[in-house]
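The next block holds one structure in the form of structure tokens; read it before the comments.
Read-outs throughout are calculated quantities, based only on the coordinates presented, and are distinct from any laboratory measurement. Predicted model only: the values in this text are computed from it and were never measured. Methodologically, a virtual Cβ is constructed for each residue, glycine included, from the backbone with ideal geometry; neighbour enumeration extends over all protein chains shown.
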Amino acid sequence: MLIDDFTDEDLNSRFGNPWRGVSDKVMGGVSEPTVSHEVVKGRSCLRLTGNVCLENDGGFIQAALDLTRSGKMLNVSQFSGVRITVRGNGERYSIHLRTSDNKRPWQSYRAQFIAGLEWETVDLPFVAFEPHRLDLPFDKTRLRRIGFVAIGRAFSAELLVAELAFYR
């Protein structure tokens with residue numbers, strides 16, 4: 001199931017919802033994300049850039065997408081995981097999934113990947129997503145949001161995403 005191929009210059013996903021930048025500023029941090037549409041080596045993509053800063057208990061920038069409208073949930077139980085086509089600056093990034101079980105902003109299910117210097121397709125099975133600051137297992141029938149995140153250490157982020165899908 002294709003979520004986005006990033007051909008929409010306004011960064012509206014295939015579901016019609018827009019991508020948006022989120023940062024640690026919601027908690028008093030100072031990191032500043034830029035989320036933009038780019039064409040890189042002939043591929044349309046989302047570009048997440050910014051400096052991740054640890055000052056004021058900060059430490060993340062994110063490109064986030066609500067997968068449904070009006071607070072509804074998406075059932076992805078027929079899929080095995082998340083497939084991404086990415087490139088970047090050789091740094092480690094995360095995908096964060098949020099379900100209706102995530103009541104606090106810091107709760108999510110997380111899996112990491114490296115964004116190398118060339119385009120690469122990466123499969124992240126749902127079993128690789130670890131709960132963060134909650135004890136409930138990931139429920140594939142209650143997905144609400146997905147995000148590409150640069151987190152946890154001070155660094156300059158540059159992540160390009162050309163495709164995002166759920167795979168069987």
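Which three extents, in whole angstrom, do the alpha-carbon atoms of the range 1-52 cover along their principal axes, largest first?
Dimensions of the range 1-52 along the principal axes of its Cα atoms: 35, 25, 18 Å.
Find the eigenvalues of the gyration tensor of the Cα atoms of the chain, then list the square roots of 5 times those eigenvalues as equivalent ellipsoid semi-axes, largest first, in whole angstrom. If you can, show how the numbers build up before the last one.
Working: eigenvalues 93, 83, 45 Å².
The three semi-axes for the chain are 22, 20, 15 Å.
In percent, how large is the relative contact order of the chain, given Cα pairs closer than 8 Å and 6 or more residues apart? All intermediate terms of the calculation are to be shown ahead of the outcome.
Values: 448 pairs, mean separation 51.9, N = 168.
Result for the chain is 31 percent.
Given the options 77, 94, 108, state which has the largest fluctuation in a GNM of the chain using a 10 Å cut-off (strictly under) for Cα springs.
In this elastic network of the chain, the residue with the biggest mean-square fluctuation among 77, 94, 108 is 77.
Charges on Cβ only, +1 for Lys and Arg, -1 for Asp and Glu, centred on the Cα centroid of the chain; of 75, 165, 42, which one is farthest towards the dipole's positive end?
Working it through, the farthest residue towards the positive pole turns out to be 75.
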